[in-house]
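Notes follow the structure.
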Amino acid sequence: MKTLNQYLLESLLDDEDDLISNNDILIHQFLKDNYKIDGSYTIKNGIVDVNGNIALTNYDLEYLTNDLFSFGKVTGNFNAGGVRSVRIKSLKGAPRIAGMFTVIRSKIKSLEGGPIETGNYNIYYNNYITDLIGSPKIVNGDFKCYNCDSLKYIKGTPKKIKGHFDCSECEELISLEGGPEIVGGDYNCSYCQNLQSIKGVAEKIGGTLDCSDCTKLLIDEVRKEMANIKCKDVFLPK
């Protein structure tokens, strides 16, 4: 014969199972309504892992997730932005690890809450961010933050980027200090009209340094800084 406490305990466990099941159903529905998933996904303890690619389809969505879940690992591309602008205003709930991470033409003001490790990291055409604090700690591919109209500083990037680093065409960019120290590919800071110095540029660049068409950069100043930089070639300002 079961005691009263046993009945109460079993009742509570049943209620908890129902709650978990209901939450999973709501998460499934949220994903269906707002994303296209090319692959499969699992839900466990409020964490959604995606084996494949996932792309935002609801461009009016303001947050990547709801209060019920966060993304964990996405093996392919996590894509929240494209030709059209999106209303995403925070990276909260973003995958912690992504094969590629893309959030462009959004309303985000900070990179906080984003992934800690990615392949390519694409955050270009985001016109409300002023620095790169909150960037992944590990970038195994390219880091692209070009055409960010309000970006003034690149501090916050990982010390090493295995692929290319591109912060070109950021009109408000005034400093390269605090950026990557090692870039495996090209380093592009061209067409940054308010950049007056390349002090702080990566010390080791596997490809080309492009600081052309930065109207406030002086060739003599660039050549002086080049004494401390290793790269294959450099495109100087005019």
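Assorted remarks:
- Rounded to whole Hz, the Karplus (6.51, -1.76, 1.60) HN-Hα couplings of region 90-106, x for glycine and proline: 7, 9, 4, x, 5, x, 6, 9, 9, x, 8, 10, 9, 9, 10, 6, 10
- Coupling constants for region 195-200 follow from the phi torsions by the Karplus curve (6.51 cos²θ - 1.76 cosθ + 1.60, θ = phi - 60°), and in residue order they are 7, 10, 7, 9, 4, x Hz; glycine and proline get x.
- The Kirkwood hydrodynamic radius of the chain, based on inverse pair distances between different Cα atoms, is 19.4 Å.
- Diffusion constant of region 94-175 at 10 °C, which comes from Stokes-Einstein with the Kirkwood Cα-pair radius and 1.306 mPa s, µm²/s: 130
- Per-residue extension of 0.36 nm, minus the Cα-Cα distance of Lys155 and Thr57, leaves a gain of 32.1 nm for this segment.
- Between helix 4-34 and the chain there is an angle of about 40 degrees, using the helix long axis and the longest principal axis of the Cα atoms.
- If the chain linking Gln29 and Asn194 were pulled fully straight, counting 0.36 nm for each residue of separation and taking away their Cα-Cα distance, it would gain 54.8 nm.
- Average Cα contact separation per residue, the chain, under 8 Å, 6 or more apart, as relative contact order %: 9
- Adding -39500 (n - 2.57) for every DSSP H run of four residues or longer, then dividing by how many residues the chain holds, sets the calculated 222 nm ellipticity at -5500 deg cm²/dmol.
- Once you divide the Cα radius of gyration of region 72-137 by 2.2 N^0.38 Å, the number left is 0.98.
- Each Lys and Arg contributes +1 and each Asp and Glu -1, all at the Cβ; summed about the Cα centre of region 100-161, the dipole is approximately 100 debye.
- Rounded to whole numbers, the Karplus 3J(HN,Hα) couplings from phi for region 110-125 are 8, 8, 4, x, x, x, 9, 8, 9, x, 6, 10, 10, 10, 6, 6 Hz, using 6.51 cos²θ - 1.76 cosθ + 1.60 with θ = phi - 60°, and x at Gly and Pro.
- Centre separation in Å (Cα based) which lies between region 107-150 and region 195-238: 22
- Three-way shape label, region 133-238, alpha-carbon gyration tensor, a/c 1.5: oblate
None of the figures in this text is laboratory data; all of them are computed from the coordinates on show. The structure presented is a predicted model; accordingly, all values stated were derived computationally and were not measured. Virtual Cβ from ideal backbone geometry, glycine too; neighbours counted across all protein chains shown.
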